[in-house]
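Q: Shown below is the structure under consideration.
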Amino acid sequence: MNIDLADTTTRRIQKALMEARHRMGGPAVGMVLTLVIVTDESAQYDAVRAATESAREHPCRVLTVISRDARGSSSRLDAEIRVGEIGPGETVLLRMYGPLAEHADSVVVPLLVPDTPVVTWWPGQPPEVPGDDPLGALAQRRVTDAYAAADRLRTLARLAASYKPGDTDFSWTRLTPWRTLLAAALDQPHADITAAEVSAEPDSPSAELLAAWLAVRLSVPAQRMTSAGPGITGVRLTTDEGDIEITRPDGRVATLSRPGQPDRQVALLRRPMAELLAEELRRLDPDEVYQEAAGRFASEQLAPPAAPVTPVPPPPADDAGADDQASQ
Amino acid sequence: MTLPARIATSGPGGAQNPLRDPRDKRLPRVAGPCVLVLFGVTGDLSRKKLLPAIYDLANRGLLPPGFSLIGFARRDWAHQDFRQVAYEAVKEHARTPFREDVWTHLAEGMHFVPGEFGDAGAFEALAMAVKELDQTRGTGGNYAFYLSIPPKFFPQVVEQLQRAGLTERADGNWRRVVIEKPFGHDLKSALELNATLHQVFPEESIFRIDHYLGKETVQNILAMRFANTMYEPIWNRSYVDHVQITMAEDIGIGGRAGYYDGIGAARDVIQNHLLQLLALTAMEEPPSFSAEAVRAEKAKILSSVRVPGDLGLTTARGQYAAGWQGGGNVRGYLEEEGIPANSKTETYAAVKLEVDNRRWAGVPFYLRTGKRLSRRVTEVALMFQRAPHLPFAQTDTEELGQNALVVRVQPDEGVTVRFGSKVPGTSMEVRDVNMDFAYGKSFTESSPEAYERLLLDVLIGDPPLFPRQEEVELSWAILDPIEEYWAEHGKPDQYRSGGYGPDSADQLMARDSRAWRRL
């Protein structure tokens, strides 16, 4: 069911939602959270689609905040309600015009599902400090995506520096399959690890986080090497007996090699946005492991290049890569 | 930066893995390098459940790189034929979307060994095959044997495995054997089966699959009871009037005549699924969720179960007769192909059990299961006592039943609470309403199949969801006297297909002034 409300108020939206729910026989009972998506008109379609897909796992009310022209002098709120067509939960698209666009939280707060967690997601450019953003402050969990920012690595460093419990970033979520494979590799007996190395395309926040995570967890220097991609192409853990290495040159299939054993292959796919979002919605408590990794990355990024904790790799440094990509 | 003090232990031998951290909940448990040897790979279970579950695990990244699967069956197949069969099974039955890359690498590790269970040469070929996989795919000498075959072949297969040297293991390697119900057909045969397995496999490497225990809702019974405060205070004889545990099926025996006749509903379902559900519903809080602690509590409950004295009055059984069900005309049990016309095997069984402990004394547990009933449902229903006093006029509460808390196991997993509510209008009239937690409806698409969970647990070596020998024996000890009574007294009543079971089952409840929940 699709309901369009032009020039409306939150009270009318609430009423329309409740009526829709009654007419459908109450599909909203099982909603476990409210997902607030902060986006613009151009990115709205993909984000709402991903949210709808993950709503199959996490039934939720999706409030999509779309700021339209903020220049006008008169405020206006348009709402589009979608219920029961595309799975469990409800989706409301909120388009805000004029000065109202600066006060989106005043529209969102009355529409939150009572007494359930709130997750705010910025699929595009993250705000300066998510935890201080009005729409971020009302959420338990704030999901950003440094990869979508204009300057990815600086954005990640900035997000890490302003970390508040509940912050998380898709560049960390994208790592889970890699981290799973690495952790599983170290479940098996192995010699002491003396160094780590992460190869990836330049300007990859995920690769920086992976290197930082390895450095934190293994207490060894972790180097960042640059490759042609796509994404992360390999991780090497140096031990006294030889290297434990996972390579993925094509973005699809990973090869695990370890000393004295045959190479093993496994699919290691890059995941679509809906899966990343579903993973984020699975845990709503602060992710301390992300905090540690991001904190390590930020401290290195912001530290003077002369005294890094880990040696800076010889190939093009991260910042150079970041600048190249930023112009795209 | 220093490492946190608490580091998860994982992997064989509990070695510390610095990359694991209990706070890092994103990282799933992943099986270590291993080979799964599947006996009976041509069977229904393999095609519909096991092979798809293996693919789903691979797709979720939970199988190790190099994971290998060997099919063993009496077919003249090459590896390629096996892969084709598996491919079709996965395409049709897998839960997660099909991805070519995942399939390609899984299929590379699929091998087939043809042979009969009596053929020592075939098992030698199998031993060669797993050793080769250790070399080529790095499976590390860890083997799980899944016996998806009739139990009468177990002794032979186990003996052959031993003779081919497949059960010998080096230090740090493991061997596991997985078996499906039935775990015997009475206490004596269960003991024999265990003796056979124990000749070769120690108890901790035997994994008995009761797929009900892998279901999310069944695990949720423990979460609901022990993670919340509002249920446990009323979860006892002071508030609960009785408990009904039901597993109803709308299908007949299908092509399983050879297996089913002589076994019957009680052995097929009550002995394992329903008594396990009873144990989870009635058990005390375990000190932890370790396998040992949970199993110990379950064993305590099963040993407190008492079968009432007069089995003629507290049990009921039936056979489905011909009739119309679900829009089709169906045959009766005795007319099914392969069933003797004088068969006394029951397709419906209901029993009343008591649990003799402080929490449950005097609260009967009614267990029922049947085939060709009106619909398919498995549920645990706690029926609460009526309010001691109703300050309403008699006519106002005529339609008020007992409060109920129903854990719906399948289909439509979830929890229903039934309570009285005022009917809108001027007069004070109270009627039953349902409040629904639609666990199933909202989560099915992503919640793993029971077999996924259980297979992964086998490969990881995590035993809490598998009944151990003691539980199997205790369950048979409960059922044996009932089966003996039935063998000596009369025969099953006929009941109409598509209905609610035999009248004798309703009379069983009526004698206690109670009634079954309508299916």
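Q: When the residues of the stretch B:298-338 are narrowed to those that are in a loop (DSSP other than H, G, I, E, B) and either modelled with pLDDT of 95 or more or in contact with a strand residue (DSSP E or B) (Cβ under 7 Å, 6 or more places away or on another chain) (or both), which ends up surrounded by the fewest Cβ atoms within 10 Å (Cβ to Cβ)?
A: So, considering only residues that are in a loop (DSSP other than H, G, I, E, B) and either modelled with pLDDT of 95 or more or in contact with a strand residue (DSSP E or B) (Cβ under 7 Å, 6 or more places away or on another chain) (or both), the one surrounded by the fewest Cβ atoms within 10 Å (Cβ to Cβ) is B:Pro308.
Q: When only residues in the stretch A:156-192 that are among the small types (Gly, Ala, Ser) and within 25 Å of A:Val118 (Cβ to Cβ) count, which is farthest from the other protein chains (Cβ to nearest Cβ)?
A: A:Ser162
Q: With the requirement that a residue be in a helix (DSSP H, G or I) and of a type in the set (S, T, N, Q), what does the stretch B:265-295 give you?
A: Within the stretch B:265-295, B:Gln271, B:Asn272, B:Gln276, B:Thr281 qualify.
Q: Just name the residue that is farthest from A:Leu5 (Cα to Cα) out of those in the stretch A:68-112 that are surrounded by fewer than 19 Cβ atoms within 10 Å (Cβ to Cβ) and within 14 Å of chain B (Cβ to nearest Cβ).
A: If we take residues in the stretch A:68-112 being surrounded by fewer than 19 Cβ atoms within 10 Å (Cβ to Cβ) and within 14 Å of chain B (Cβ to nearest Cβ), then A:Gly87 is farthest from A:Leu5 (Cα to Cα).
Q: Taking the stretch B:3-35 as the region of interest, how many residues are at pLDDT below 80, facing chain A (nearest Cβ under 8 Å) and within 19 Å of A:Gly295 (Cβ to Cβ)?
A: The total comes to 1.
Q: Wholly within the stretch B:104-219, which helices (runs of 4 or more DSSP H) include no fewer than the required count, namely at least 3 residues that are closer than 30 Å to B:Ala265 by Cβ and in contact with a helix residue (DSSP H, G or I) (Cβ under 9 Å, 6 or more places away or on another chain)?
A: B:154-163, B:187-200
Q: Also, I was wondering about something else. With the structure loaded, tell me whether A:Thr116 is polar (S, T, N, Q) and buried (at least 19 other Cβ atoms within 10 Å of the Cβ) or whether it fails that test.
A: When the stated conditions are applied, A:Thr116 does not pass them.
Q: Return the residues of the stretch A:215-246 that are within 14 Å of chain B (Cβ to nearest Cβ), under 18 Å from B:Asn17 (Cβ atoms) and in contact with a strand residue (DSSP E or B) (Cβ under 7 Å, 6 or more places away or on another chain); say none if nothing qualifies.
A: Those that are within 14 Å of chain B (Cβ to nearest Cβ), under 18 Å from B:Asn17 (Cβ atoms) and in contact with a strand residue (DSSP E or B) (Cβ under 7 Å, 6 or more places away or on another chain): A:Ala215, A:Leu218, A:Val220, A:Ala222, A:Val235, A:Leu237, A:Thr239, A:Ile244, A:Glu245, A:Ile246.
Q: Of the residues that sit in the stretch B:403-447 and are among the acidic types (Asp, Glu) and either modelled with pLDDT of 85 or more or part of a strand (DSSP E or B) (or both), which one is nearest to B:Asp241 (Cα to Cα)?
A: Filtering the stretch B:403-447 for residues that are among the acidic types (Asp, Glu) and either modelled with pLDDT of 85 or more or part of a strand (DSSP E or B) (or both), the one nearest to B:Asp241 (Cα to Cα) comes out as B:Asp432.
Q: Name the residue that is nearest to A:Arg264 (Cα to Cα), counting only residues in the stretch B:109-133 that are within 14 Å of another protein chain (Cβ to nearest Cβ) and free of Cβ contacts under 8 Å to residues at least 12 places away in the same chain.
A: B:Glu132
Q: What residue, among those in the stretch A:247-283 that are assigned to a strand (DSSP E or B) and polar (S, T, N, Q), is nearest to the other protein chains (Cβ to nearest Cβ)?
A: Initial filter on the stretch A:247-283 (assigned to a strand (DSSP E or B)): A:247, A:253-257, A:264-267.
Restricting the remaining residues to those that are polar (S, T, N, Q) gives A:247, A:255, A:257, A:265.
Working: A:Thr247: 12, A:Thr255: 8, A:Ser257: 9, A:Gln265: 5 Å.
Among those that are assigned to a strand (DSSP E or B) and polar (S, T, N, Q), it is A:Gln265.
Q: Testing B:Val157 on (1) modelled with pLDDT under 90; (2) closer than 20 Å to B:Phe72 by Cα; (3) surrounded by 20 or more Cβ atoms within 10 Å (Cβ to Cβ), one condition comes back false. Which one is that?
A: Every condition holds for B:Val157 apart from (1).
Q: Same structure, new question: Looking at the stretch B:220-231 only, could you name the residues that are part of a helix (DSSP H, G or I) and more than 18 Å from B:Leu277 (Cβ to Cβ)?
A: Step one: list which residues in the stretch B:220-231 are part of a helix (DSSP H, G or I), which gives B:220-227.
Across the stretch B:220-231, the qualifying residue is only B:Ala227.
The values are calculated or read from the model by the stated rules, or taken from the named source; none is laboratory data. Since the model is a prediction, treat every value here as computed from it, not as a measurement. For neighbour counting, all protein chains shown are included, and Cβ atoms are generated from backbone atoms with ideal geometry for every residue, glycine included.
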